[in-house]
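Data first, discussion second: the structure below is written as structure tokens.
The values are calculated or read from the model by the stated rules, or taken from the named source; none is laboratory data. Note that the structure is predicted; figures quoted are calculated from it, not measured. Counting neighbours? That spans all protein chains shown, and the Cβs are built from the backbone with ideal geometry, glycine included. Heads up: the accessible areas ignore ligands, DNA and RNA and are worked out on the full protein's heavy atoms, side chains in. Shrake-Rupley method; radii C 1.70, N 1.55, O 1.52, S 1.80 Å.
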Amino acid sequence: MDFRAHLEKDSIFKTISEAGGKLGLPTFVVGGYVRDLILDRPNKDLDFVCLGSGIKLAQQVAKDLGGLQVTVFKTFGTAMIKLGDRELEFVGARKESYREDSRKPLVEDGTLEEDQLRRDFTINAMAIRLEKENFGALVDPFGGVKHLEEKLIKTPLDPAITFSDDPLRMMRAIRFASQLNFDIEADTFEAITNNADRLSIVSMERIIVELNKIILSPVPSYGFKLLFQSGLLAKFFPEMVALHGVENVDNKAHKDNFFHTLQVLDNVSRVSDDLWLRWAAILHDIAKPATKRFDKSVGWTFHGHEDKGARMTPGIFRRLKLPMNEKMLFVQKLVRLHLRPISLVKEVSDSAIRRLLFEAGDDVEALMKLCRADITSKNNDKVARFLRNFDEVEKKMIDLEERDKVRNFQPPITGDEIIKLFQLSAGPIIGEIKEEIKEAILEGVIRNDRQEAHELLMKIAEKKGLINNEVNLKK
Ligand code: CTP
């Protein structure tokens, strides 16, 4: 294969080729860029390897580009240049050996082939020459092109060595399989299973980067099944593994909540690319194992799993090093509310819908997506009936929202107004009055409108014995 024509279209390759030429350093573009070029996927990160000092090459390139800044990582012998939205990484070819207890490699200069051999997968171990004489020629010593065609993830070395060198690669294998819909070659997968324990030396931050890429892949259940089968999932996400399994008492079995969760995740992924909605799908039933009971008359129950799941969410986020910010609160809210629309389907009352709009606020559409995804019955008629009923609920939501605007509820009368009107000082009574007005709106006793709220306020004030200042009330 020859990529000359392609590389000639992008001036950066000529610039780097010439910089390598000036320094007498054979230079190559390697790794993910080459893989994605063959797969026709966009890739903004370019990795360059040269036979010599990557840092010197980067400095030459930066100079030739008109004096760009070079960031040097001395310990790793690498250098980086930012060029618009692209990142160019430079490194000298190396053969690497690793310490047992750490991912940090000990670096030694090597040949191109040694450098390719120490990379994670054959599809990531291809290089394209940038030297003037053979500009654009592919160097593919381990069958990377063949494995791209066969849709196969395989290590260039004995997989036990590749994974033991850098255990993060076990997560990467599954991540690439899930993103690209590839198989993992049998020996490679067996080595992941055998080395799963070694994930313990990898930081949670790096594990989660890979996990989030799996979650964002087209059919994330595929990656999760591989994580589960290989034993990796149990190493960092035991709560999810605990969803697996079916118990049977008196011939009554509950569904396998692990596979149900994965189906919900796939369903949500068909309608949304939002990472956090996908996380809500992963966590929506997370407290089912902890709340599971068997009742002789009704069978299996999971009472309160939505509230307990919401209480578990911050702890899981913290441990998995996911952000403890509004993203967590969004996921927590969806976990807590995920059963509410289903109960509305059974008995739709305006006040229940208003309450849900009030609690879900702007996340109500995301919540409805999750709830629709949660209908995973094998009975197609039942699924169709539920989804039709959800349509009804959503129609009602739109009507009620138009009328009462409770979605981002702003009290029609503020605490300050109440204080002024009755010459009160701030205190719990203000909150009580506001709560009573809010409740009346949500229950549909009055509309969310200033005049109706004011009339109700007067009645409440009378009841509470606050009307004693004629002058103020005339205002
Ligand atoms: N690599 C490796 N082992 C790792 C990480 C990276 O061997 N643990 C090598 C692979 O050759 C990889 C290259 O370094 O192609 C660049 O890695 P990275 O930028 O992390 O990933 P990409 O393969 O480019 O994929 P993506 O952009 O999807 O992350």
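Here is the figure for the stretch 277-314: residues that are in a strand (DSSP E or B) and free of Cβ contacts under 8 Å to residues at least 40 places away in the same chain total 3.
Of the helices (runs of 4 or more DSSP H) entirely within the stretch 157-258, those holding at least 3 residues that are more than 12 Å from the ligand (Cβ to nearest atom), open to solvent by 20 Å² or more (accessible area, probe 1.4 Å) and within 23 Å of ILE316 (Cα to Cα) occupy 220-230, 238-241. Taking the listed residues ASP266, ASP285, the one that is modelled with pLDDT of 95 or more, of a type in the set (Asp, Glu) and either assigned by TED's automatic domain parsing to the domain that holds GLU185 or within 19 Å of ALA177 (Cβ to Cβ) (or both) is ASP266, with no other qualifying. Only one of the numbered conditions (1) more than 12 Å from the ligand (Cβ to nearest atom); (2) open to solvent by 50 Å² or more (accessible area, probe 1.4 Å); (3) touching a residue at least 12 places away in the same chain (Cβ under 8 Å) is not met by GLU149, and that is (3). I'd like to know if the stretch 280-287 contains one or more residues that are of a type in the set (D, E, K, R) and buried (at least 17 other Cβ atoms within 10 Å of the Cβ). Checking the stretch 280-287: at least one residue is of a type in the set (D, E, K, R) and buried (at least 17 other Cβ atoms within 10 Å of the Cβ).
For every residue, the table says whether it meets (1) within 20 Å of ARG270 (Cβ to Cβ); (2) open to solvent by 30 Å² or more (accessible area, probe 1.4 Å); (3) under 24 Å from the mean Cα position of the chain (by Cα).
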| site | (1), (2), (3) |
| --- | --- |
| LYS346 | no, yes, no |
| ALA360 | no, no, yes |
| ASP381 | no, yes, no |
| ALA384 | yes, yes, no |
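Whether a residue is on the phi < 0 side of the Ramachandran plot and modelled with pLDDT of 90 or more was assessed, and ILE467 does not pass this test.
Could you please let me know if LYS327 is of a type outside the set (A, V, I, L, M), in contact with a Phe, Trp or Tyr (Cβ under 8 Å, 6 or more places away or on another chain), open to solvent by 50 Å² or more (accessible area, probe 1.4 Å) and under 29 Å from GLU210 (Cβ atoms)? Yes.
Looking across LEU25, LEU7, one residue alone is in contact (Cβ under 8 Å) with a residue 24 or more places away in the chain, assigned to a helix (DSSP H, G or I), over 22 Å from THR155 (Cα atoms) and more than 16 Å from the ligand (Cβ to nearest atom). It is LEU7. Restricting attention to the stretch 118-137, the residues being modelled with pLDDT of 95 or more, in contact with a strand residue (DSSP E or B) (Cβ under 6 Å, 6 or more places away or on another chain) and within 15 Å of the ligand (Cβ to nearest atom) number 3. Of all the numbered requirements in (1) free of Cβ contacts under 8 Å to residues at least 12 places away in the same chain; (2) within 27 Å of ASP273 (Cβ to Cβ), ILE215 misses one, and that requirement is (1).
Contact map, the stretch 160-184: first residue touching a residue at least 40 places away in the same chain (Cβ under 8 Å), second residue open to solvent by 30 Å² or more (accessible area, probe 1.4 Å) and within 12 Å of the ligand (Cβ to nearest atom), Cβ cut-off under 6 Å, separation 6 or more or different chains; pairs are ASP165/TYR98; ASP166/ARG103; LEU168/ARG206; ARG175/LYS213. For the structure I just gave you, tell me whether LEU265 is open to solvent by less than 40 Å² (accessible area, probe 1.4 Å), under 29 Å from GLU190 (Cα atoms) and more than 18 Å from the chain's Cα centre (by Cα). Criteria not met by LEU265. Looking only at residues in the stretch 31-66 that are touching a strand residue (DSSP E or B) at 6+ places or on another chain (Cβ under 6 Å) and free of Cβ contacts under 8 Å to residues at least 24 places away in the same chain, the one that is least open to solvent (accessible area, probe 1.4 Å) is ALA62.
Determine which member of the set GLY315, GLY304 is surrounded by fewer than 18 Cβ atoms within 10 Å (Cβ to Cβ), closer than 23 Å to ARG372 by Cα and either modelled with pLDDT of 95 or more or not assigned by TED's automatic domain parsing to the domain that holds LEU168 (or both).
On inspection, the qualifying residue turns out to be GLY304.
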